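Structure first, commentary second.
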Amino acid sequence: MNALMSLFRTWQLGIKSLFLHPMRSALTVLGIFIGVAAVIWLLAIGEGISQKAQEQIASLGARNIIVRSIKPPLEKLGDSNVAEFGLLRKDFNLLVNTIPQIEVAIPIREMKISFSFGNNDMDGRLVGSTTDYFNATKLKLAKGRFLSPADVDKNKDFCVLSMGIAEALFPHDDPIGKRVYCPTNQTYYEVVGILRKRTASAGIGGSLAAQDYSRDVYIPITTLNQRVGDVTRRFQSGSFYAEKVELHQATIQVKTMDDVLTVAELVKDALRTQLESGKGDIDVVVPLELLEQAETTRMMFMIFMGLIAAVSLLVGGIGIMNIMLATVTERTREIGIRRALGARQGAIQRQFLVETITLSIVGGLVGVAVGLLCPVTLEWLRDTLIENFPEEMASLPAEVRETVPIIVPISIPVSFGIAVLIGVIFGMYPAYRASRMDPIEALRHE
Amino acid sequence: MSNIAVRAENLGKDYVLKSETVHALRGVTFDVPEGDYVAIMGPSGSGKSTLLNLLGCLDRPSFGELYLGTENVATLNDNGLSDIRSKRIGFVFQSYNLIQQLNVVENIQVPLYYQGKVNRTTRKRAIELAGKVGLGDRQDHRPQQLSGGQMQRVAIARSMVNDPYYILADEATGNLDSKTTDEILCLFEELNAEGKTIIMVTHEDEVAARCRRVIRLRDGHIESDLPIEQDRQKYHYSMPTTELSEDEEEDVAVTQAQAVTSDGFSVDDDEIVMGGSSDSHDEPEIEVEIDE
């Protein structure tokens, strides 16, 4: 208890001494506070970016393996007028039939096309798939129903609209029961359901481009194959483009997460010939692997940012030591007086060490406070930048523009702890110097 | 025989420099009994500062013994000396040496702070001492808000707070004007009358004149150790001319009447030497016994 009181008094004395030179004390604190705030901010920004990336990946489904068809560059397509590429139905069936761990496999075929109803029309995407698609992608109904297995079996001309298309084509009416028209194919599809808004996903890796789901119209893949052959033609910019694609994507859902990597290998094995053909027309994406990679990246990023911030804290510490050495020299007389009045060397050492640690604690606290303000500040900064530099901001990639920093909880006690430690370490030498002064010399000083 | 505040026995200090050894103090022996009021004088190089540092336990002697009360301090280590300073000695410096960040009451308590003993009781005592030296109404003033004389009063109060064996004053009035000097010296006299032991290191005769005994050093030895009247007689100086009382004026007249040179001629007024005894040492040394 006595020791505690004595420490308290030493600290009281320290505070008074620091207030003798408030400006100098404030500037010393600055170094530490910037270091601490930097640690918290940098880690928070990094965490925000990582989280976003991980969310994107997770939205693809941790139990999924996605086989995606990619249009190769012109050189690789050969001489035919028709660009033929992508996953073949026979291979799809092979996967489904030979890998028991697969819970469900969803075939997807897409085409960009325009839709109309009455006087309204809209460019969108016709997506052919199965009932499982809706479950696997966790879509939510706004109205009506999903496509049913019967629809798929019987090649029904039913469709499910995404909210964007629904609003564009049916601004005033209820779409359910109405028939949407595709001018290009001259086909009608009766609306059986409307989906709730679905968040767009950013691109992840080369094979999964960013998708905007707001203009999708979902019909049974069987219907699509029946109505539109494997070859699709488009007229664009004065030329015809023909593509022969059987499947644009196969989403394979594995029964348990443990099996994902095994199944991924099996899938890659089964498709090895096509994967290694050099045509580059299919890709196997395993979100789980991506997640693990993202986690590794995140760790490395945190370490890297942490190191940078640690360096800045170090610099702050050197600043503290410099200032304290100057302070000790300036207070030589005072040290002499105190020694003459009975201070032991240890007492002098403690006095100056307490002063330095007080400075670093204050710096740490201010740093933590400013660090916690990171999300708010960045929000304000983002809004201000968007207001004043809209074009520049729009040109930034979405990840950077929309990143929300997430404070990493452990960064707070760690950076604060390091700040205090810095105070101790860099305060020891000045305190030592002070305590070793000869009282007689010190009293003669100045 | 009453108690001894300080005893030095063949106390000496040598400073070993690169090229030579300086024998600053060559073995001095004296007692200061409790309640005494001693002036220590001497020209530069006499060992005055060295003796001051030893009496203040700021330095260790090279040989000899030094007792504070009954405690032998000659062989203490640094921590031991620090403790002695906080418990047994009261310092008064020429330039006051108060601590800027602390107010009057806090400054007074500093020695107790280093004994580890600061509490409500000590604070009360400090306030009492502040009142005693005439600063009761300035307890929370900081040194920057005090005059030189006021600061010195705080220093004096501080020098008493730990009930020391003696107050060690080093040119305590050196930075003060003559009026304030007189006030401070009166304060010292008051304290001495109450029984406090005071050792005053000074080079001014008029300050020494207010003490009860004068020890003079030269070349590291004690040249003389006399009660004030005999010292004054020997070294031909009188009390300071500022405001002498009737008795004091009589003393001055008597002294003047008795002042003779060694070859028997009486001395005129102008030749009464005031302060600085360095030029009047053609007389033979007079050994005087000091009785209790």
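Worth a mention:
- Charged-residue dipole, Cβ positions (Lys, Arg, Asp, Glu), the protein assembly as shown about Cα centre, Debye nearest 20: 6380 debye
- Segment A:57-149 shape via C-alpha gyration tensor axes, a/c threshold 1.5: oblate
- Neighbour-count ranking [beta-carbon atoms within 10 angstrom, fewest first] of A:S25, B:S19: B:S19, A:S25
- Theoretical FRET efficiency, 1/(1+(r/R0)^6), r = Cβ-Cβ of A:L325 and A:M257, R0 60 Å, to 0.05: 0.55
- For chain A, the longest site-free run once trypsin sites (Lys or Arg not before Pro) in DSSP loop states with at most 14 other Cβ atoms within 10 Å are removed: A:256-435
- For chain A, a Gaussian network of Cα nodes joined below 10 Å ranks A:A369, A:A58, A:A340 by mean-square fluctuation, and the top entry is A:A340.
- Set of lysines near B:K179 by C-alpha distance (under 21 Å), chain-local residues within fewer than 8 positions excluded: B:K132
- Overall form of segment A:71-280: oblate. Here a/c, set by the Cα gyration tensor axes a ≥ b ≥ c, is 1.5 or more, and a/b is not larger than b/c.
- Relative contact order, percent, segment A:71-280 [alpha-carbon distance under 8 Å, six or more residues apart]: 30 percent
- Computed label-point distance, nm, for sites A:K138 and A:M428 using a 7 Å Cα→Cβ extension: 5.2 nm
- Of all lysines in the structure, those lying under 25 Å Cα to Cα from B:K234, and not within fewer than 8 positions of it along the same chain, are B:K48.
- Dipole axis of the protein assembly as shown (+1 Lys, Arg; -1 Asp, Glu on Cβ), positive-most option in B:I222, B:P143, A:L147: A:L147
- Between A:K71 and A:E387, the contour length at 0.36 nm per residue exceeds the alpha carbon distance by 109.9 nm.
- Helix A:374-388 vs. chain A, principal-axis angle (Cα, 0 to 90°, nearest 10): 60 degrees
- For the listed residue pairs B:K124/B:K196; A:K140/A:K197; A:K244/A:K268; A:K90/A:K268; A:K71/A:K140; A:K112/A:K178, the alpha carbons are over 19 angstrom apart in B:K124/B:K196; A:K244/A:K268; A:K71/A:K140; A:K112/A:K178.
- Per-residue ellipticity at 222 nm from helix content only, as computed over the protein assembly as shown with -39500 (n - 2.57) for each DSSP H run of at least four residues, stands at -14500 deg cm²/dmol.
- Using Cβ point charges alone (K and R +1, D and E -1), the dipole size of segment A:1-157 about the Cα centre works out to roughly 700 debye.
- Restricting the GluC sites (Glu not before Pro) of segment B:1-100 to loop positions (DSSP other than H, G, I, E, B) with no more than 12 neighbouring Cβ atoms within 10 Å leaves B:E20.
- For A:S411, net neighbour charge (Lys/Arg +1, Asp/Glu -1) across residues whose Cβ lies under 14 Å away: 0
- Sites B:E9 and B:Q139 - FRET efficiency at Förster radius 45 Å, r taken between beta-carbons, to 0.05: 0.60
- Interchain or long-range residues, amide H under 5 Å from B:V92's placed H: B:L168, B:A169, B:D170
- Label-to-label distance for A:Q51 and A:L94 is 4.4 nm, based on points extended 7 Å past Cα in the beta-carbon direction.
- Contact order relative to length of chain A, as percent, for alpha carbon pairs under 8 angstrom and 6 or more apart: 29 percent
- Segment A:386-446: C-alpha gyration tensor shape, a/c 1.5 cut-off, then a/b vs b/c: prolate
- Projecting the alpha carbon convex hull of chain A along each direction and taking the average yields 32.3 nm².
- A Förster distance of 35 Å, applied to the separation of the beta-carbon atoms of B:D177 and B:T75, puts the FRET efficiency at 0.25.
- Helix A:411-435 vs. chain A, principal-axis angle (Cα, 0 to 90°, nearest 10): 20 degrees
Values in this text are rule-based calculations from the coordinates and carry no lab data. Only a predicted model underlies this, so the values are computations on that prediction, with no experimental measurement involved. Reconstructed Cβ throughout: ideal geometry from the backbone, glycine too, with neighbour counts over all protein chains shown.
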